[in-house]
1. Residues with beta-carbon under 14 Å from that of Phe338, excluding Phe338: net charge, scoring Lys, Arg +1 and Asp, Glu -1?
2. Near Lys21, which aspartates and glutamates are there with a Cα under 19 Å away, not counting those fewer than 8 places off in the same chain?
3. Using amide H atoms built 1.01 Å from N in the peptide plane, name the residues 5+ places from Asp79, or on other chains, whose amide H lies under 5 Å from its own.
4. Of Arg109, Arg90, Arg135, which has the largest mean-square fluctuation in a 10 Å C-alpha GNM of the chain?
5. Which order, highest average first, do 216-226, 151-161, 122-132 follow once you tally other Cβ atoms within 10 Å for each residue and take the mean per peptide?
6. Note down the relative contact order for the range 133-180 as a percent, whole number, built from C-alpha pairs under 8 angstrom at least six residues apart.
7. On average over all directions, what projected area in square nanometres does the range 157-254 have, based on the convex hull of its Cα atoms?
8. Could you let me know the centre-to-centre spacing of the range 225-245 and the range 1-39, using Cα atoms, in angstrom?
Amino acid sequence: MKLLIKNIKTLVQVEDEPKLKVLGDEMKKLNCVQNAWLAIEDDKIVGFGKMDDWEGISDWTNLTIIDASDKIVMPSYCDSHTHIVYAGSRETEFVDRISGLTYEQIFERGGGILNSAKKLQEASEEELIESALKRLNEIMRQGTGAVEIKSGYGLSTEAELKMLRVIKKLKSLTPLTIKATFLGAHAVPTEYKNDKRKYIDLLINEMMPKIAAEKLADYCDVFCEQNYFTKEETVEILTAAKKHGMTPKVHAEQLSNFGGVLAGVEVGAISVDHLEFVGDKEIEALKKSETMPTILPGAAFFLSLPLPPARKMIDAGLPVAVASDYNPGSSPSGNMNFMLSLCCVQYKMTPEEAINAATINSAYAMDLSKTHGSICVGKQANVFITKEIPSYGFIPYSFGSNLVETVILNGKVISGD
Ligand code: NIG
Ligand code: FE
């Protein structure tokens, strides 16, 4: 199938030489073509250029043509951190926090992650698939084309495997590109409260071999935080995960400066995520690594946390990625357009930096930047066409709106008018 999008007002994030990520000052640049065309064949991008220079691609007949006059075309967002498979919701805890309880206090009473784990253990695979698909369809309509999904609300061998099998099934039920992460070390389940060692042994000796045997996870993640897992435990768990073929990721420095970034750098994590309490030591360590610092502005916003030093990290020459953290407790939204607005308004990132963070850098954070995250010949044809808007900066500016009109994933039009 051949698809030509013509008269594009601005074709955003184009590359001739594909990069794996963009760092520091480079993040301020966003290569664009004005008054452009984009050609797609089957599931790949096969060409792009200026309308003035359009000579056609030889023997291009029988094509579907979309006119994108006054509209912007962007590569689909990559959302490299979500917990989109879950049961129930936690708006009662939201009200508790409005009334003054902290996220930590709610967890200490058996709420938070433990609340979601109880609900998940009771849910069937079918129920989990149905509710996750609704959320996936929602983020797809909001411009996301690739998403990482974590386990971590199971917290038993059976329930963690159930979550990961659900994630595997979702891959065949949606055109979104999905990567799976094992997050058994999301919290210590109540029954192991007084014997965390035993739970860590269970993660390493029972869960990991089963997950590896069924090839259920690309990554392994740990919530490195006071009352959850220490830096040393994080290193131990992720070192074991690597032996089972899973690449490390870390929930790091969200509620305190607790060693998550240093643990991640030590084990060669592909990303360290959250970063509210990152300091100079962590920035220096990240500069010597290939690890992608990833901010999750939805969670910092929803929990009223201090903001991660995104501006400082970029100014220090680091790359920064942004993801939604879509989950029922700390970020019940996967809307990457809103994440862009938060990046700009709260973190003083420019629209160019925010778009780089949400496309090529978040693609890097899930090993997808060779195929996703930019408009480049040979890459996956995952793009969206906006409504009629004056410029790409209008997307973060219009916070709360969904300006995505037509979604194209794997070369197929998913929705449109
Ligand atoms: O990324 N911080 C740990 N994990 C999630 C929150 C999970 C939850 O509250 O259900 C996060 O914010
Ligand atoms: Fe998370």
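We did not get these values from a lab; they are worked out from the coordinates using the rules stated. These figures come from a predicted structure and were not determined experimentally. Positions of Cβ are backbone-derived with ideal geometry, glycine not excepted, and every protein chain shown enters the neighbour counts.
1. Result for the neighbourhood of Phe338: -2.
2. Reachable aspartates and glutamates: Asp79, Glu148, Asp273, Glu284, Glu290, Asp315, Glu352, Glu353, Asp367.
3. Amide H neighbours of Asp79, under 5 Å, 5+ apart: Gly145, Ala146, Val147, Glu148.
4. Arg109
5. The densest-packed peptide leads the list: 216-226, 151-161, 122-132.
6. Relative contact order comes out at 46 percent.
7. 6.4
8. 38
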